[in-house]
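**Q** Below you will find the structure I want to go over with you.
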Amino acid sequence: PNMIHLKDYRPPAFLVDFVDLVFELKETDTRVKSTLTLRRNPAAAPGDAATRPPLVLDGRDMALVSVLMDGRPLATEDFQVDERSLTLPDPPDALTLEITTRIQPQENRSLEGLYRSDGMFCTQCEAEGFRKITYFPDRPDVMAAYTVTLIADRSKYPVLLSNGNRVDAGELSDGRHWVKWEDPFKKPCYLFALVAGDLFCLKDTFRTKSGRDVRLRIYVEHENRDKCDYAMQALKKAMAWDEKTFGLEYDLDDYMIVAVNDFNMGAMENKGLNIFNSKFVLARQDTATDTDFWNIDRVIAHEYFHNWTGNRVTLRNWFQLSLKEGLTVFRDQEFTADITSRPVKRISDVRTLRSFQFPEDAGPMAHPVRPSAYIKMDNFYTVTVYEKGAEVIRMIHRILGPEDFRKGMDLYFERHDGQAVTIEDFVGAMADASGRDLGQFMLWYAQAGTPVVTAARAYDPVRKTYTLTFSQFCPPTPDAAEKAPMHIPVAVGLIAPDGGDFPLQLSGEKTPGPTTRVLELRKADESFTFVNVPAPPVPSILRGFSAPVKLRAGCSDAEVRFRFAHDSDPFNRWDAGQTLFAKVILERAAEIRAGRPPVMDDALVAAFRQTLLDETEDRAFIAHAVTLPGEPELATLMSESDLIDPDAVHQARRFVIQTLAQTLRDDFETVFERNRDTGPYRVDPVSVGRRSLKNAALAYLGGLETPEAIQRLFSEFEAADNMTDTMAALTILSHIPCDERIQAIDRFYERWRHDVLVLDKWFSIQAAAQLSDTPATVRKLLDHPAFSIRNPNKVRALVGVFCSLNPWCFHSPTGEGYALLADQVAALDGFNPMIAARMAGMFNHWKKYEPVRRNLMKAQLERIKALPNLSGNVYEIVSKALA
Ligand code: HT7
Ligand code: ZN
C-alpha cells in the first residue's frame, strides 16, 4: 500500500465552486447525479501546454452511468475511469461536469460513505468517505457551496435531511417525495451529510446573543423518543458556553442531530447536520450512567464546537487533523470543567492520557501530533492527535494566559474564516496576538514521544534560596532517534512545613508573586532559583499537569505522602496518591514474582485513610483519590523498568485492595452510609460526586468477597433506581464467582434485552470480569443472538473491553485471548477495515511482555499479516507492530 507524505502536499489542480447533488434513494440501489462547477486553481503549479495537470476525481465502489461536460456527453477518449478515480486528461480551465453514478448503500458494511443503519440511510464522509458516494476531489482544501435534493419513498423515509437550509420540497406521483437543501457556507466534502428515515424529532430553540432564534432538532428512532431530553439541554449549554467563552455564535438557522446505532466513531460534525453514535445522545436515568450523561455533554459540545474550529476554519490537508481535533478537545474539556468540577475533569483527562496516549507514544504507532506520513488516514484518529493535541493547546493557553489566548483565537478567526489552513496559521495567530515567540514550541507538533523531565533541588539555609534544576530528554521513537529540547511550561509551588504554600519570588524579582509559578523550560538543562524561602519546602512540580511529560522529581515517600495530605493543587494531591499506590503495588508485584508473600505498607494505609475521611473535599475528588491506578496503567509503569507480567500486576493490585478493605472496613462502611443519596436522582456535580464516592467504598467492601458482601451487592443491584448504581453493584459482583453474580447478569439481560445500548453494558460487564473463564465466556458471547460483529458498539463493548480493560484475562498465558482477537480482526477486515485496524492495535505493545506472551502475540500478528486481501488499514498497524 501507498504511503502519503506531508512533504508531498501540493495545492489542488482544480477548485470546485458549486456542487449540486440529486439522490434517488432506494433499497435496491441509489442513483447519484452530481453537477460540479470547476475551474483551474490559480494557486496550483500551472505547467505548460504539455504538462498542464489533469483533472482527477476520486471515486470507488461505484458504477459510472454517464459523464457530461458543459452539457454534452464526454467521448470515451476524453476521460479514464479506474478503481480509484475518474480522470479528464486535458480539460478546459473552467467547466461543468454532470456525473451520474449508482451505488449500493444497502451492501455497505464499512460504515463510510452512504450506508444503511436500522432501516435509515445515513453518511459518514470524514476522512475519505465522500469518494464512495460520487466522483469528487476528496480532499479538505477543496471547499464548495452545495445544494442537495433527496428523493425517496414518503412512507418509509418521511424525514429527508442534508446540510444547511431546507429550501424546497414536493411530492412525486409514485409515492415518493423530495426535499431540497442548500448550504450557503463553503465546505470540504468531508462535512457533507444526508439522512433519510422514519424518525421522531425533538424540537427546541436557542436564541443567540445577537437575538437570532436557531431551530434545534434531535432525530431518533421512535422507540427512543423519551431518551433525548438530556442531549437537547447539553446542546443548549454548549451553545451558550461558546458565546460566553469565545464569543462564537451559531451561523445557520437550523442545527440538527441524528442518532444512529451503527457508527465507527463517537459522532460527526457535518455542517448543520451532526450524525451521532446513539450512545452519545440517548439517555434516561434507568438506562444511562453518570459517566454516560457526562459523555453526552462532552460529545455534543465537541461536535457543536467544531462548527467554528473545523468547519468555518478547516484543514488544508489531513496531516493538520489536530488543528481541529486537538483544539476542539481542549474546548470541550474546558466546557466540561466549567459545568462540572475543574480538578476532577483534569484528573480524569490525565488518567486517559497516561493510560492510552503515553503507551501509544512509546510504541510502534508513535507519531507526532502532526504526523508526517500515513497509509490510511483513519489510523491517525488517535489519542495522540486528539488528547496530546489538546494538551499542546492547553500549554499555549498556560504560556499566554487566558486573555492573550482569547485574543489569539479572535485573530485566528479574523484571519482564516472560510479558509483551509495549517497548524502554523493557528500558532502564528497565537504568537502575533500575544507577542510571544512560539518558534521552539512548534516542536510539540513535530516530535513524537513523551519527554521525561527530571527535577533536582537544593536548599541553601544561609541564603534562604531554593534552586530547582531541570533536565529534559525525549526518548527515541520509530520515526526519529534524536530529539531537540522542547519549550515546556512547568507550573511549580513550594509547600511550607505547615502544609501551606510559600509565596514565590524568583531570583531577580523585587517582590514575591503568586504561590504557583509557570517556569518555561527551553534547554536540555536549566535552573531556577527562588529567594526568601524561609524553610526547606516540599516541591509541588507540574501542578495541574501543565505539560504532557513524565516527571522524575526524586521525592522521598514521606514527601509524597505529605503532598497527598497537603498539596493545595488538587491535581498534584491526587497525583501524589497515585504515585504512592503505584509504587506500593509494583513492590508487591515484585514480591509475588520472587515467591515471597506480599506485605502491606502501614504508612500508606494511614495516608489513604486520612484522604478517605476528608470531609472538606469535593466527594468526586475523594473518589478519584482513593481509586488505585488500573491494571493497564500499572502495566505501562512496570514496562519502564521490566517486562510486563500481567499475573503479578493483577495479584498485587488485588492484594492491596483487599488489605485496604480489611483494614479500613469500618471507614468504608461509614463513607458508604454517609454518601447514600435518598433524594431523587440528579446529574449535578454534587450528586454525581456522592454516588461515585459511595460506589468507590462499595467496591472496596465488595472486594472482601464475604457472603454478607455478596448479599449486599445483590440487594444494591436489585434496589437501584438508576443505571449508575445498578452498574456499580453489578460490576463489583461480576468479579466474584458466585450464584448471585449469575442471577444478576441474567436479570439484567431479561430486563434490557430490547435496548441495544444497555445490552452493550451487559456485554462489557462480562468481558471485563476478572475471572479465569472470561476468555471462554467472551468467545461464547460472540455467538450470542444479541451480538453483531457488524455493529462497532458491540465489537467495542465485547472485544474492545476484553482486550483493553481486562489485561489479566486478555493476556492469559494460554493464548486464547490473543487467538480470539486475531480471529475478530480477520473477520472484521472483510467489511470494516477501520474497526479491524483499531482492534489489531491491541497487539501494539507485544514487545513489552514477558517471553511466553510476547511470542504468542507475535504469532497472531504474523497470522494477521499473512491474511489474503488484507486491508491497507490493518496492514499499516500490523506491519508497524512487527517492524
Ligand atoms: N471528526 C469526527 C471524526 C470521525 C471519523 C473519522 C474517521 C472515521 C469515522 C469517523 N466518524 C467521525 C469526530 C470528531 O472528532 O468529532
Ligand atoms: Zn472532533
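The values are calculated or read from the model by the stated rules, or taken from the named source; none is laboratory data. Treat the numbers as computed from the prediction; the structure is a model and nothing was measured. As a convention, Cβ positions derive from the backbone with ideal geometry for all residues, glycine included, and neighbour counts pool all protein chains shown.
**Q** Looking at Ala767, Ala728, Ala696, Ala744 in this structure, which one is closer than 15 Å to Leu798 by Cα and crowded, with 16+ Cβ neighbours inside 10 Å?
**A** Ala767
**Q** What pairs come out if I take residues in the range 1-25 that are assigned to a helix (DSSP H, G or I) and pair them with residues that are crowded, with 18+ Cβ neighbours inside 10 Å whose C-beta lies under 7 Å away, six or more apart or interchain?
**A** Listed pairs, sorted by first residue: Leu6/Phe319.
**Q** Oh, and also: Can you name the residue in the range 526-556 that is among the charged types (D, E, K, R) and under 34 Å from the mean Cα position of the chain (by Cα) and is also nearest to Thr467 (Cα to Cα) among such residues? Quick ask: steps written out before the conclusion?
**A** If we filter the range 526-556 for residues that are among the charged types (D, E, K, R), which is where we start, we get 526, 543, 550, 552.
With the extra rule that they be under 34 Å from the mean Cα position of the chain (by Cα), the set shrinks to 543, 550, 552.
Working: Arg543: 17, Lys550: 20, Arg552: 16 Å.
So, considering only residues that are among the charged types (D, E, K, R) and under 34 Å from the mean Cα position of the chain (by Cα), the one nearest to Thr467 (Cα to Cα) is Arg552.
**Q** Name the single residue, out of those in the range 592-603 being touching a residue at least 40 places away in the same chain (Cβ under 8 Å) and not in a loop (DSSP other than H, G, I, E, B), that is surrounded by the most Cβ atoms within 10 Å (Cβ to Cβ).
**A** The residue in question is Ile592.
**Q** Give me the pairs: first residue in the range 242-264 and free of Cβ contacts under 8 Å to residues at least 60 places away in the same chain, second residue among the polar types (S, T, N, Q) and away from ligand 2 (no atom under 16 Å from the Cβ), beta-carbon distance under 9 Å, and six or more apart or on different chains, which are they?
**A** Glu243/Thr208; Glu249/Thr208; Glu249/Ser210; Tyr250/Thr208; Ala259/Asn224; Ala259/Ser278
**Q** Being surrounded by 20 or more Cβ atoms within 10 Å (Cβ to Cβ), more than 16 Å from ligand 1 (Cβ to nearest atom), not assigned by TED's automatic domain parsing to the domain that holds Asp183 and not in a helix (DSSP H, G or I) narrows it down to one residue among Pro359, Pro364, Pro371; which is it?
**A** Just a single option satisfies the conditions, and that option is Pro364.
**Q** Considering only residues of the range 607-656 that are buried (at least 21 other Cβ atoms within 10 Å of the Cβ) and among the small types (Gly, Ala, Ser), which is nearest to Met857 (Cα to Cα)?
**A** Top of the filtered list is Ala635.
**Q** Being more than 16 Å from ligand 2 (Cβ to nearest atom) and under 20 Å from Ala238 (Cβ atoms) is the filter here; which residues of the range 333-352 pass it?
**A** Once the filter is applied, which keeps residues that are more than 16 Å from ligand 2 (Cβ to nearest atom) and under 20 Å from Ala238 (Cβ atoms), the range 333-352 yields Ala337, Asp338, Ile339, Thr340, Ser341, Arg342, Val344, Lys345, Arg346, Ser348.
**Q** Here's a follow-up. Report whether or not His306 is within 10 Å of ligand 1 (Cβ to nearest atom), under 13 Å from the mean Cα position of the chain (by Cα) and either among the hydrophobic types (A, V, I, L, M, F, W, C) or under 27 Å from Ala196 (Cβ atoms) (or both).
**A** Judged against the criteria, His306 is not a match.
**Q** Being within 16 Å of ligand 1 (Cβ to nearest atom) and without any contact (Cβ under 8 Å) to a residue 60 or more places away in the chain is the requirement here; does Asp332 meet it?
**A** Yes: the conditions hold for Asp332.
Yes or no, residue by residue, for (1) in the same structural domain as Asn108 (by TED's automatic domain parsing); (2) more than 16 Å from ligand 2 (Cβ to nearest atom); (3) surrounded by fewer than 24 Cβ atoms within 10 Å (Cβ to Cβ); (4) of a type outside the set (D, E, K, R):
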position	(1), (2), (3), (4)
Asn277	no, no, yes, yes
Thr291	no, yes, yes, yes
Val299	no, no, yes, yes
Gly310	no, no, no, yes
Trp318	no, no, yes, yes
Leu321	no, no, no, yes
Arg331	no, no, no, no
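**Q** Could you please find all residues in the range 26-52 being outside any loop (DSSP other than H, G, I, E, B) and farther than 29 Å from Leu870 by Cα?
**A** Hits for the range 26-52 are Arg31, Val32, Lys33, Ser34, Thr35, Leu36, Thr37, Leu38, Arg39, Arg40.
**Q** Would you tally the residues in the range 808-820 being in a helix (DSSP H, G or I) and surrounded by fewer than 23 Cβ atoms within 10 Å (Cβ to Cβ)?
**A** Residues that pass the stated criteria total 4.
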